[in-house]
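*Asks:* First the structure, then my questions, so here it is.
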Amino acid sequence: MTKTKTIRRPAKEPPPKVHKLDSSNPKLKYIGGSSFDAWNNTIAGQAAAPIWHGHNPEAERIHERQVASLSLLAGISPNDEFEGMLAAQLLASHNAAMECYRRAMIAEQTLEGRKENLGQANKLSRTHATLLEALNRHRSKGQQKVTVEHVHVHNGGQAVVGNVEGGGVRTKSENQPHALGYAPGQTLWSENSEREAVPVAGDGKR
């Protein structure tokens, strides 16, 4: 009699659960700039963590400083995750710089200690300024505006009257009909196209 051997296969493991990110109703976007509160909560915790509370901190004092940190992030009002990171780093660099300045002013310390603290504070202040510049540049999307105060037109040259920006030229002819750009020696045309051209005297005939 032949025995049938039953082979038991291991049960299939259920697929891992995928946590769907919900961006329908973020309540803390004004703090972290993200449509997902998981990120906003992370930024809030990272911003509050570097605060120096002293050796014997009081719970009420800690709470006040944490609220102050969140108030700064809300005041900066990041528009996306990148701005949320920059806002948190701005807060951290400011707190660290101010702590170094505080330690530099402690009495009865060595000159080396004072110089070290002031040096670190100086570096942190420059880092803070760099972060602020990066935030402003990101918000302006790299746009640059150039304002020309004085224009000198030489013989044979031409001048354009208007606002010169990064994307091109926007003239002011609508608001300033009297402003004209021309080259010496050329002909100016009046608004009436049927009239004859008015010659402009060159430098030798003026």
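The values are calculated or read from the model by the stated rules, or taken from the named source; none is laboratory data. Predicted model, so just to flag it, every value in this text is computed and none were measured. A quick note on method: Cβ atoms are made from the backbone with ideal geometry, for glycine too, and the neighbour counts reach across all protein chains shown.
*Asks:* From (1) touching a residue at least 40 places away in the same chain (Cβ under 8 Å); (2) touching a helix residue (DSSP H, G or I) at 6+ places or on another chain (Cβ under 6 Å); (3) surrounded by 15 or more Cβ atoms within 10 Å (Cβ to Cβ), pick out the condition that doesn't hold for Ser69.
*Replies:* Against the list (1) touching a residue at least 40 places away in the same chain (Cβ under 8 Å); (2) touching a helix residue (DSSP H, G or I) at 6+ places or on another chain (Cβ under 6 Å); (3) surrounded by 15 or more Cβ atoms within 10 Å (Cβ to Cβ), Ser69 comes up short only on (1).
*Asks:* Sort out which residues of the range 15-67 are touching a His at 6+ places or on another chain (Cβ under 9 Å) and basic (Lys, Arg), and write them in order of number. Before you say what the answer is, go through the steps one by one.
*Replies:* Kept after step one, since they are touching a His at 6+ places or on another chain (Cβ under 9 Å), are these residues of the range 15-67: 61-62, 65.
Selection gives Arg61, Arg65.
*Asks:* Looking at Ser93, is it touching a Leu at 6+ places or on another chain (Cβ under 8 Å) and modelled with pLDDT of 95 or more? Break it down into steps so the answer makes sense when it comes.
*Replies:* Numbers: touching a Leu at 6+ places or on another chain (Cβ under 8 Å): yes; modelled with pLDDT of 95 or more: yes.
For Ser93, the condition - touching a Leu at 6+ places or on another chain (Cβ under 8 Å) and modelled with pLDDT of 95 or more - is met.
*Asks:* For the range 14-57, which residues satisfy the criterion of being among the acidic types (Asp, Glu) and either in a helix (DSSP H, G or I) or buried (at least 18 other Cβ atoms within 10 Å of the Cβ) (or both)?
*Replies:* Asp37
*Asks:* Within the range 100-122, how many residues are of a type in the set (A, V, I, L, M) and either touching a Ser or Thr at 6+ places or on another chain (Cβ under 6 Å) or more than 21 Å from His53 (Cα to Cα) (or both)? Step through it out loud before you land on a result.
*Replies:* So in the range 100-122, the residues of a type in the set (A, V, I, L, M) come out as 104-107, 111, 118, 121.
Narrowing further to those that are either touching a Ser or Thr at 6+ places or on another chain (Cβ under 6 Å) or more than 21 Å from His53 (Cα to Cα) (or both): 111.
Matching residues across the range 100-122 total 1.
Each row is one residue, and each column tells you yes or no for (1) of a type outside the set (D, E, K, R); (2) surrounded by 11 or more Cβ atoms within 10 Å (Cβ to Cβ); (3) at pLDDT below 75.
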| residue | (1), (2), (3) |
| --- | --- |
| Ala59 | yes, no, no |
| Arg65 | no, yes, no |
| Glu81 | no, yes, no |
| Ala97 | yes, yes, no |
